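Asks: Pasting a structure below so you can have a look.
What follows is calculated from the coordinates using simple rules that are stated; it is not laboratory data. What you are looking at is a predicted structure, and each value in this text was computed from that prediction instead of being measured. Neighbour counts are summed over all protein chains in view; Cβ atoms, including those assigned to glycine, are modelled from backbone coordinates with ideal geometry.
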Amino acid sequence: MNARFWIYINGGFVKLTLRPEEALEHFFSERTDEGFRSVYQSWEYDGSVVVRQWFIRERDCDGRHEDGGVAYWDDGKVAPSYSDPDTMLPVWVDGEDYYHRDHTAEAMGY
């Protein structure tokens, strides 16, 4: 059985379909009014669980920031999107390996 779910990417909703043992990746980078933002995401389906990995790197007026982690979708739960209640999005369960790094705060000793 395939895993089908909606994601929000590149300014709109896209429906992904993953076959068992299939993986997809997406990367984009853009300039912003204060610097830049780049986002990497991957989705892998083993036949029962979809694993989403993500990494965000950005620079703004507060300096450089990084976020990343792993999330799981294994029970088929969906919830309406805030921006489009007719679009049902997966309810991801965050893994324990989420991280956030604020380079400016680190340089200041926080």
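Asks: Cut-off 19 Å, label point 7 angstrom out along Cα-to-Cβ of F36: give me the residues of the range 64-92 whose amide nitrogen falls inside.
Replies: 64-68
Asks: Under the rule of -39500 (n - 2.57) per DSSP H run of 4 or more residues, summed and divided by the residues of the chain, what mean residue ellipticity at 222 nm is obtained, to the nearest 500 deg cm²/dmol?
Replies: Helices in the chain give a 222 nm mean residue ellipticity of -1000 deg cm²/dmol.
Asks: Could you pull out every residue, at least 5 positions away or on a different chain, whose amide H is within less than 5 Å of the one on V49? Hs are placed 1.01 Å off N in the peptide plane, and Pro or chain starts have none.
Replies: none
Asks: Through the Karplus equation 6.51 cos²θ - 1.76 cosθ + 1.60, θ set to phi - 60°, convert the phi angles of the range 11-23 into ³J(HN,Hα) values in whole Hz; use x for Gly and Pro.
Replies: These are the phi-based 3J(HN,Hα) values: x, x, 8, 10, 8, 9, 10, 10, 7, x, 6, 9, 9 Hz.
Asks: Would you work out the Kirkwood radius for the chain? I mean one over the mean of 1/r across all pairs of different Cα atoms, in Å.
Replies: For the chain, the Kirkwood estimate is 15.5 Å.
Asks: What ³J(HN,Hα) values, in whole Hz, does the Karplus curve 6.51 cos²θ - 1.76 cosθ + 1.60 give for the range 4-9 when θ = phi - 60°, with x put for Gly and Pro?
Replies: Result, ordered by residue: 10, 7, 8, 9, 9, 8 Hz.
Asks: Would you kindly state how much longer the chain becomes between Y72 and M1 on full extension, computed as 0.36 nm times their sequence separation minus their alpha carbon distance, in nm to one decimal? Write out the running numbers ahead of the final one.
Replies: On the way: separation 71, 0.36 × 71 = 25.56 nm, distance 1.73 nm.
So the extension gain works out to 23.8 nm.
Asks: Report ³J(HN,Hα) in whole Hz for each residue of the range 97-105, in order, from the Karplus equation J = 6.51 cos²θ - 1.76 cosθ + 1.60 where θ = phi - 60°; Gly and Pro get x.
Replies: Computed from phi, the couplings for the range 97-105 are 9, 5, 9, 9, 10, 10, 5, 5, 4 Hz.
Asks: Residues of the range 85-110 with amide nitrogen under 15 Å from the 7 Å Cα-to-Cβ point of D60?
Replies: 101-105
Asks: Given H placed on each backbone N at 1.01 Å, which residues far from G95 in sequence or on other chains put an amide H within less than 5 Å of it?
Replies: Result for G95 returns V70, A71, Y72.
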